[in-house]
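Asker: One structure is given below, represented as C-alpha cells, and several questions about it will come after.
The values are calculated or read from the model by the stated rules, or taken from the named source; none is laboratory data. Keep in mind that this is a model prediction, so the values were computed, not measured. Cβ atoms come from the backbone with ideal geometry, glycine included; neighbour counts cover every protein chain shown.
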Amino acid sequence: MVIKKICCIGAGYVGGPTCSVIALKCPDITVTVVDKSKERIAQWNSEKLPIYEPGLDEVVRQCRGINLFFSTNIATAIKEADLIFISVNTPTKTFGNGKGRAADLKYVESAARIIADVATGHKIVVEKSTVPVRAAESIMNVLRANQRSGVSYQILSNPEFLSEGTAIDNLLNADRVLIGGEDTNEGNAAVEELCWVYEHWIPRINIITTNTWSSELSKLAANAFLAQRISSINSLSAVCEATGANVSEVAMAVGRDSRIGPKFLQASVGFGGSCFQKDILNLVYICECLNLPEVAAYWQQVIDINEYQKSRFSAKIIESLFNTVTDKQIAILGFAFKKDTGDTRESPAIHVAKTLLDEGAKLHIYDPKVVIFNISCYYFNVENCQILEDLTHPYITDEPENVKDSITIHSNAYSATSGTHAIVVCTEWDEFTALDFQKIYKNMIKPAYVFDGRMILNHEELAKIGFVVHTIGKRMSRTGINRSWGTPYRV
Ligand code: NAI
C-alpha cells in the first residue's frame with residue numbers, strides 16, 4: 001500500500017505542527033487534521049492560528065488548501081485515510097481509579113471508537129499521543145471488538161518528541177523518529193509504510209524501529225530523564241543558596257563532562273508544561289501497578305523536588321518582602337510555562353501567583369504571548385482570559401471573584417512593573433533581558449525587588465541600579481545578609 005492520505009485526530013500542540021510539517025515535506029500525501037472542537041478548527045483555518053510556535057505560520061501558509069486541510073468532518077477524513085494518527089490529549093485522571101496519577105485514556109478510546117464506527121478497508125492506526133505501556137492493546141481491543149467485514153487494522157506506536165517553542169525545528173530536524181509495531185509480517189509492513197512517510201525528510205538512520213511496548217515506554221522514559229535533570233540541578237540550587245556556590249558555575253562544570261553534557265541543566269523556579277508531570281505521574285502509577293514500589297518512589301521524587309522548588313521560590317519572595325505581601329503590588333513577568341509558547345499548562349507561574357494571591361498580594365501580570373494567543377480570547381473577544389481562567393480555576397481558588405479583583409493583566413512589562421514593590425520573573429522570554437531597568441526602577445516603590453526565577457537577568461547590573469536582587473541558585477553579595485534565604489552554611 002502506498003500512503004496517499006493521512007488523517008490526524010486532534011488538532012492540538014502536537015497534531016497541528018506535526019501534520020503541517022508532514023504536509024510540507026510530503027507533497028504527494030494529502031493530510032487532513034480533524035478535531036471535535038469547531039473553534040480550534042476555525043482558528044487553524046484563519047489567519048490567527050490557535051497556538052504560537054515559531055515558524056508554524058509559514059509552514060501552514062505554504063500547505064493549507066493544497067495538501068493540508070483542517071476539518072471537523074472526522075468521519076469522512078477517517079474513511080478516506082490510509083493512515084490515521086491519534087493525537088488527542090491524555091491528561092492525568094482527575095477522579096476514580098488512579099486519580100491524580102494515571103493517564104486518562106477516555107479521549108484515545110473515543111478516537112478508537114470513531115475509527116471502529118466508520119473505517120472502511122485497511123487502516124494503519126498510529127498512537128501519537130503519549131500513552132501508558134500496552135495502550136495499543138486497548139486500542140486494538142476496541143477496534144477488533146467492533147470490526148466489520150472488509151476492515152482490517154495495524155496499530156503502531158509513534159510517540160512525538162517535539163518540544164513546544166521549538167516544535168517546527170524539532171520536527172524538521174528530529175534527533176530520532178521512533179516507530180513501534182507488532183513483530184509480524186503485517187506489523188513490519190505497516191512500520192515500513194510509516195518509515196516511508198518520514199523518509200521524505202528524515203535520514204533512515206535516524207528512524208528507530210522497536211516493538212510496540214518499547215516505543216510506548218521510551219516516550220515516558222525520555223520525559224522522565226529530561227525532568228530528572230531539571231530536578232537534579234534544582235535540588236543543587238538549594239545547596240548553592242545555602243553555601244555560596246553558584247548553580248550556573250556548578251552546571252557548567254558538571255556539564256563539561258561529555259558523559260553528562262551541558263543541556264537541560266538550567267536551574268529555575270521549576271518545570272511546567274502539559275507533559276513532564278503528567279508523564280512521570282503516569283510512569284509512577286504504572287510502576288505501582290506492576291508492584292515495583294522502589295522504582296515508583298524513585299521517579300516520584302522528581303515531581304516532589306519540582307513542587308519543593310516552586311514552593312521554595314514562592315516562600316522566599318514572601319519572606320524577603322518582610323514576611324508579608326498583603327496588599328503589596330507585585331509584577332509577574334511571564335506566565336507561559338516556558339519561552340516561545342503561549343501554553344500555560346502546569347506553568348510554575350500559576351503556583352507562584354496562587355501563593356502570592358493567597359497571601360493577599362495584588363498581581364500585575366504580563367506575558368508576551370499568552371495574552372494574544374488564546375482560543376477563548378479570539379472567539380469571545382475577551383482579552384487576556386487564559387491567565388484569568390488559570391488563576392480562577394476551581395483547583396486554584398474557591399473565591400474566583402476575589403482573585404479577579406486582585407489581578408491586572410498588562411500588555412507590556414513597563415506598565416506591569418510601574419508602581420510595584422517587586423518584580424517576579426517566571427518565564428525566560430528573551431525580551432525581558434532587553435528591558436530598560438533604569439526606567440523600571442524609577443517607577444517602582446522602594447526598596448524595589450527583583451526575584452529572577454529563570455536566572456536570565458544581569459543581576460550585577462540590577463544591583464548597581466539599586467534593586468534588591470534574588471535569584472535561584474546563588475547568593476547576591478548585596479543581599480547576602482538576607483537570612484531568609486536558607487540557613488547560612490558554616491564550615
Ligand atoms: P491538546 O490538548 O493541545 O490537543 C488535543 C486535541 O484533541 C484537542 O484539540 C481536542 O479537542 C482533540 N480531541 C480530543 N478527543 C478528540 C476526539 N475524540 N475527536 C477529535 N478530537 C479530539 O494536546 P497536545 O498538547 O497536542 O497533546 C496531544 C498528545 O501528545 C498528548 O498525549 C501529549 O501527552 C502528547 N505530547 C504533547 C507534547 C506537547 O508538547 N504538547 C509533546 C509530545 C507529546
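Asker: Cβ contacts < 9 Å: first residue assigned to a helix (DSSP H, G or I), restricted to the stretch 303-324; second residue hydroxyl-bearing (S, T, Y) and surrounded by fewer than 13 Cβ atoms within 10 Å (Cβ to Cβ), any location; separation 6+ or different chain. Result?
Answerer: I318/T324
Asker: Scan K464, K404, K446 and give me the residue that is among the basic types (K, R) and either surrounded by 16 or more Cβ atoms within 10 Å (Cβ to Cβ) or over 26 Å from G360 (Cα atoms) (or both).
Answerer: Result of the check over K464, K404, K446: K464.
Asker: In the stretch 210-239, how many are of a type in the set (S, T, N, Q) and surrounded by fewer than 19 Cβ atoms within 10 Å (Cβ to Cβ)?
Answerer: Summing the residues that are of a type in the set (S, T, N, Q) and surrounded by fewer than 19 Cβ atoms within 10 Å (Cβ to Cβ) in the stretch 210-239 gives 6.
Asker: Okay, moving on. Output yes when any residue across the stretch 20-35 is near the ligand (Cβ under 10 Å from one of its atoms) and not β-branched (V, I, T), and no when none is.
Answerer: Yes, some residue in the stretch 20-35 is near the ligand (Cβ under 10 Å from one of its atoms) and not β-branched (V, I, T).
Asker: Something else now. If I ask for residues that are within 16 Å of K263 (Cα to Cα) and either free of Cβ contacts under 8 Å to residues at least 12 places away in the same chain or of a type in the set (G, A, S) (or both), which ones from the stretch 197-236 would you list?
Answerer: Scanning the stretch 197-236 gives A222, A224, F225, A227, S231, S232.
Asker: Here's another thing I want to ask about it. Name, by its number, the condition in (1) closer than 26 Å to I286 by Cβ; (2) within 11 Å of the ligand (Cβ to nearest atom); (3) in a loop (DSSP other than H, G, I, E, B) that does not hold for G165.
Answerer: Condition not satisfied by G165: (1).
Asker: Over 17 Å from A103 (Cβ atoms) and touching a Leu at 6+ places or on another chain (Cβ under 7 Å): which single residue out of F264, F271 fits that description?
Answerer: Result of the check over F264, F271: F264.
Asker: Checking the conditions here, which among L171, L162, L194 is touching a strand residue (DSSP E or B) at 6+ places or on another chain (Cβ under 6 Å), crowded, with 17+ Cβ neighbours inside 10 Å, of a type outside the set (S, T, N, Q) and assigned by TED's automatic domain parsing to the domain that holds V60?
Answerer: Sole residue among the options that is touching a strand residue (DSSP E or B) at 6+ places or on another chain (Cβ under 6 Å), crowded, with 17+ Cβ neighbours inside 10 Å, of a type outside the set (S, T, N, Q) and assigned by TED's automatic domain parsing to the domain that holds V60: L194.
Asker: Conditions first: (1) free of Cβ contacts under 8 Å to residues at least 60 places away in the same chain; (2) closer than 30 Å to G150 by Cβ. E58 passes all but one, so which condition is the exception?
Answerer: (2)
Asker: Considering the stretch 431-462 alone, what residues qualify as being in a helix (DSSP H, G or I) and under 25 Å from S311 (Cα atoms)?
Answerer: Listed by number, the residues that qualify are F432, T433, H459, L462.
Asker: Out of all the residues in the stretch 66-95, which are more than 14 Å from the ligand (Cβ to nearest atom), at pLDDT 95 or above and part of a loop (DSSP other than H, G, I, E, B)?
Answerer: I66, N67, D82, listed by residue number.
Every residue, every condition in (1) at pLDDT below 90; (2) in contact with a His (Cβ under 9 Å, 6 or more places away or on another chain); (3) on the phi > 0 side of the Ramachandran plot, yes or no:
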| residue | (1), (2), (3) |
| --- | --- |
| G342 | no, no, no |
| S347 | no, no, no |
| K354 | no, no, no |
| L357 | no, no, no |
| H364 | no, yes, no |
| S376 | yes, no, no |
| P394 | no, no, no |
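Asker: Can you find a residue in the stretch 141-151 that is part of a loop (DSSP other than H, G, I, E, B), in the same structural domain as C19 (by TED's automatic domain parsing) and within 16 Å of the ligand (Cβ to nearest atom)?
Answerer: The answer is yes, given that some residue of the stretch 141-151 is part of a loop (DSSP other than H, G, I, E, B), in the same structural domain as C19 (by TED's automatic domain parsing) and within 16 Å of the ligand (Cβ to nearest atom).
Asker: Look at K338 and say whether it is among the basic types (K, R) and buried (at least 21 other Cβ atoms within 10 Å of the Cβ).
Answerer: yes
Asker: Let me ask something else. Residues being over 17 Å from I84 (Cα atoms), in a loop (DSSP other than H, G, I, E, B) and within 13 Å of the ligand (Cβ to nearest atom): count how many of those fall in the stretch 36-58.
Answerer: The total comes to 6.
Asker: While we're looking at this one, here's another question. So, V370, is that one surrounded by 23 or more Cβ atoms within 10 Å (Cβ to Cβ) and at pLDDT below 95 or not?
Answerer: Judged against the criteria, V370 is a match.
Asker: While we're here: Counting just the residues of the stretch 229-279 that are farther than 26 Å from Q300 by Cβ and in a helix (DSSP H, G or I), which one comes out farthest from the ligand (Cβ to nearest atom)?
Answerer: Selected residue: T243.
Asker: A further question follows. Give all pairs with beta carbons closer than 7 Å in which a residue from the stretch 121-150 that is in contact (Cβ under 8 Å) with a residue 12 or more places away in the chain meets a residue that is of a type in the set (K, R); count only pairs at least 6 apart in sequence or on separate chains.
Answerer: T130/K219; V142/R113
Asker: How many residues are assigned to a loop (DSSP other than H, G, I, E, B), in contact (Cβ under 8 Å) with a residue 24 or more places away in the chain and either in contact with a Ser or Thr (Cβ under 8 Å, 6 or more places away or on another chain) or within 10 Å of the ligand (Cβ to nearest atom) (or both) when one looks only at the stretch 96-115?
Answerer: Adding up the residues that qualify gives 4.
Asker: What residue, among those in the stretch 116-135 that are part of a strand (DSSP E or B) and surrounded by 18 or more Cβ atoms within 10 Å (Cβ to Cβ), is farthest from the ligand (Cβ to nearest atom)?
Answerer: Per the criteria, the residue is I124.
Asker: Continuing with this model, one more query. Identify, by number, the condition in (1) over 19 Å from the mean Cα position of the chain (by Cα); (2) surrounded by 17 or more Cβ atoms within 10 Å (Cβ to Cβ) that D279 doesn't meet.
Answerer: Only one criterion in (1) over 19 Å from the mean Cα position of the chain (by Cα); (2) surrounded by 17 or more Cβ atoms within 10 Å (Cβ to Cβ) is unmet by D279, namely (1).
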